[in-house]
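Derivation of every value follows stated rules applied to the coordinates shown; laboratory data play no part. Model, not experiment: these values are computed from the prediction. Methodologically, a virtual Cβ is constructed for each residue, glycine included, from the backbone with ideal geometry; neighbour enumeration extends over all protein chains shown.
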Amino acid sequence: MALHAVPISRPATLQVRIECDLAKVRQASAHMKSFLADQGFSRGDMDSCELAVVEACNNAIKYVGPDGRCREVGLEVICGKAELEIRVTDHTGGFELPKKIQLPDFEKESGRGLYLIDALMDEVTYLRGRGENCLVMRKRREAIHPITEARISAEEANRRLGESEHVIRDMAEELSSCYESLSAIFRCSSELGKTNDLEEFARRLLMDLAQITCAEWFVLRLVPREGGELRLFVASRDGIIAGRLPLDRPNFVSVELQAGRAREDVWFDAHRPLREGDPLFEMNPKAHGLVHPIYLGENLIGTVAVAKDTPGPSFTAVQANVVHTFSDFLAIQIMNARFNEEQVRIRLVSRELEIAQQIQRSLLPKSIPRLPGMELAGFCQSAQQVGGDFYDVLKVRDDAVLLVIADVMGKGIPAAMFAAILRSLLRAAPEWMDQPATLLARANRLMFEELSAVDMFITAQLVFVDAKNRTITAASAGHCPGLLAADERGLILSIAPEGLPLGIEPDTTFSSHTESLQAPAKLLLYTDGLTEARNPHGEFFGQDRLMKWLRKEGGRRGSAQEFADDLADYLTKFQSSAAQTDDQTFLILAE
């Protein structure tokens, strides 16, 4: 890649020549961003231009033909006083720019990048030529108002400026990662069934992951059907000595084995370096990165290691969350391929539902955080027709947690995938966990386009529990009301703040409701699989029967697990021989 700035006084100009290699795009966009900073552009303008240029250059490389592979992509930036113009020259066959750019249908991958560019820039033009085309993007500069009076010290101003830049940078990184992750996942989803080459599929998916997270290499290991070891499946470069890692040898030096046994991410860097004898040590002893274990239910499927060679910051929380999301999606495809190879004797829909049940169980927390003086217990029983029920308990502080219960309307893999995405989005925003209504609005904005494109929606309820102040704050997205035992006399409060399900409207606002916890505290969150359960006579279990049970149990003390077991047993006896038609999920807080 060749770079040079043209020494023109007005307007300032930057010209970049980019090799026909996707890996070079990020370097060019970073150089452009530095150039814009020198010209006094705002952080918002720089972030918008960077995202637009990355998408435009990626498309120019992705869609070029064999004859254009040897030609460089041109990037020219012209900075005026009031306007910025960016030109990206490609050597593809070109395309017709629609008069009105709209978001394409869910099943179509092409057009999403153009939609993003149009949303980020003020004007977009495409000039087609013979063997060469030019995408022209213009953006008006944000007005920068001078400070008329110094009201704070220079030190305080610098501190506030640094904090603001950090927040904006994190938000831009998170939005970019969410868009790129969903785009890559949906692109791969549209190609399912076209190939039986699982190795090539995994390599392509992990190359997308590496590009989004700025990783320089990756290693995927899988556990074979017979178990006993981790086997090398895909690596981005040669150099791995150990093709197999024995799971029954605890003294074997390997961060991949460590992650698989501990069921949690293992990080390695200058402070926690790779040890000699570790297979990843042979890739680069000074590399820094992480290993994520891939689990479905209680079963270890494999591990994914992603790393960087160059010195610098390690992966951010947002990038680690992207690794988790891609791993969950990859696990689905691995299990699906294995079922196909075994020629399972049930119909394709039944196989899909079985995989979705495993994905659904993998969304449940492996352990539930503890609260001082209070206990939590959860229950999730999948039906034959799998939906997207799940619950989660996220630690906010030592004395506070966020309770999550949700139900994706739909069946099988799509419902399980949207449940996984919602879970990832909620976990990626710890700063909003004490504000359930704000957190629901954020999740709705990020998921609306994908949910509405496939006519699906999600009901959810979030409850922030403050054990120190003995209060709960709840927000609901069209979900079943929570039930709170208000006192020992049997008064039951129905907690149902207003709010539409996620995916119905793009800019939905949600209300919150706060209540005090009276001793002994009892709170029940549940999905409609409980109230809509039927007995052999066709009668519904209903909310009244659920409130009657809570009224009976509300005045006595006991562990949360005891109450959960009692409610599950009560529900089983009611249904008797009747078939379960929907997932049954609930969370209980007890004191």
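How much net charge surrounds D309 when only the other residues with a Cβ under 14 Å from the Cβ of D309 are counted, with Lys and Arg +1 and Asp and Glu -1?
Net charge around D309: 0.
Does a label point 7 Å from the Cα of A578, set along Cα-to-beta-carbon, have any residues of segment 539-570 with amide nitrogen under 15 Å, and which are they?
539-546, 570, by backbone N distance to the label point.
Whole-Hz Karplus ³J(HN,Hα) for segment 536-542, in order, using 6.51 cos²θ - 1.76 cosθ + 1.60 and θ = phi - 60°, x for Gly and Pro?
Result, rounded to whole Hz: x, 8, x, 7, 7, 4, x.
Work out how much length R26 to S42 would gain on full extension: take 0.36 nm times their residue separation and subtract the Cα-Cα distance, in nm to one decimal.
Between R26 and S42, full extension yields an extra 3.8 nm.
Near the amide H of V234, under 5 Å away, which other amide H atoms are found, from residues 5 or more places off or on another chain, if H is placed in the peptide plane?
Result for V234 returns L220.
With a cut-off of 8 Å between alpha carbons and a minimum separation of six or more residues, what is the relative contact order of segment 368-590 in percent?
Dividing the mean separation by the residue count of segment 368-590 yields 25 percent.
If each of A119 and K468 carries a label point 7 Å out from its Cα toward its Cβ, how far apart are those two points in nm?
3.8 nm
List the pair-distance distribution P(r) of segment 8-138, using every Cα-Cα distance, as the percent of pairs falling in each 5 Å bin from 0 up to the bin containing the longest distance, rounded to whole percents.
Result, from short to long distances: 2, 10, 21, 24, 21, 14, 7, 2, 0, 0 percent.
So between R225 and R551, what do we pick up on full extension, going 0.36 nm a residue minus the alpha carbon distance?
Length gained, R225 through R551: 112.5 nm.
Let me test this: with uniform point scatterers at the alpha carbons of segment 518-591, what is the Debye-based log₁₀ I(q)/I(0) at q = 0.11, 0.13, 0.20 1/Å?
-0.27, -0.37, -0.83
Among 95-102, 325-332, 365-372, 447-454, what's the highest-first ranking by average C-beta atoms within 10 angstrom per residue?
325-332, 447-454, 365-372, 95-102
List, in order, the whole-Hz ³J(HN,Hα) value for each residue of segment 434-443 obtained from phi through the Karplus relation with A = 6.51, B = -1.76, C = 1.60 and θ = phi - 60°; use x for Gly and Pro.
Calculated HN-Hα couplings, in order: 8, 10, x, 5, 5, 5, 5, 4, 5, 4 Hz.
What is the extension gain from N251 to E505, computed as 0.36 nm multiplied by their sequence separation minus the C-alpha to C-alpha distance, in nm to one decimal?
86.0 nm
Pull up all non-local amide H partners of E229: gap of 5 or more, or a different chain, and H-to-H distance under 5 Å with H placed in the peptide plane.
For E229, whose amide H was placed from the backbone, the distant partners under 5 Å are L247.
Place the peptides 542-555, 512-525 in order of packing, highest mean first, counting for every residue the other Cβ atoms within 10 Å and averaging per peptide.
Put in order of decreasing packing, that is 512-525, 542-555.
Using the beta-carbon distance between E498 and E431 and R0 = 22 Å, what value does 1/(1 + (r/R0)^6) give for FRET efficiency, to the nearest 0.05?
0.35
What spacing in nm lies between the two simple spin-label points modelled at R244 and R445, each 7 Å away from Cα in the Cβ direction?
With each label placed 7 Å out from Cα toward Cβ, I get 5.2 nm.
Note down the nm distance, to one decimal, between modelled labels 7 Å out along Cα→Cβ at D569 and at L97.
Each label point is offset 7 Å from its Cα along the Cβ direction, giving 7.0 nm.
Would you mind pulling out the separation of the Cα centroids of segment 267-322 and segment 454-496, in Å?
First find each Cα centre; the distance between them is then 39 Å.
Relative contact order of segment 188-341, please, whole-number percent, based on alpha carbon pairs below 8 angstrom and at least 6 residues apart.
Here the relative contact order equals 23 percent.
About its Cα centre, how strong a charge dipole does segment 226-331 have in debye, to the nearest 20, once Lys and Arg get +1 and Asp and Glu get -1 at the Cβ? Walk me through the numbers on the way to the answer.
Details: 10 positive and 14 negative charges, 35 e Å.
Magnitude of the dipole: close to 160 debye.
Give me the Debye-computed log₁₀ of I(q)/I(0) at q = 0.15, 0.16 Å⁻¹ for segment 368-590, equal point scatterers on Cα only, no solvent, two decimals.
-0.97, -1.10
Please give me the summed charge of the neighbours of K286: other residues whose Cβ is under 14 Å from its Cβ, Lys and Arg +1, Asp and Glu -1.
-3
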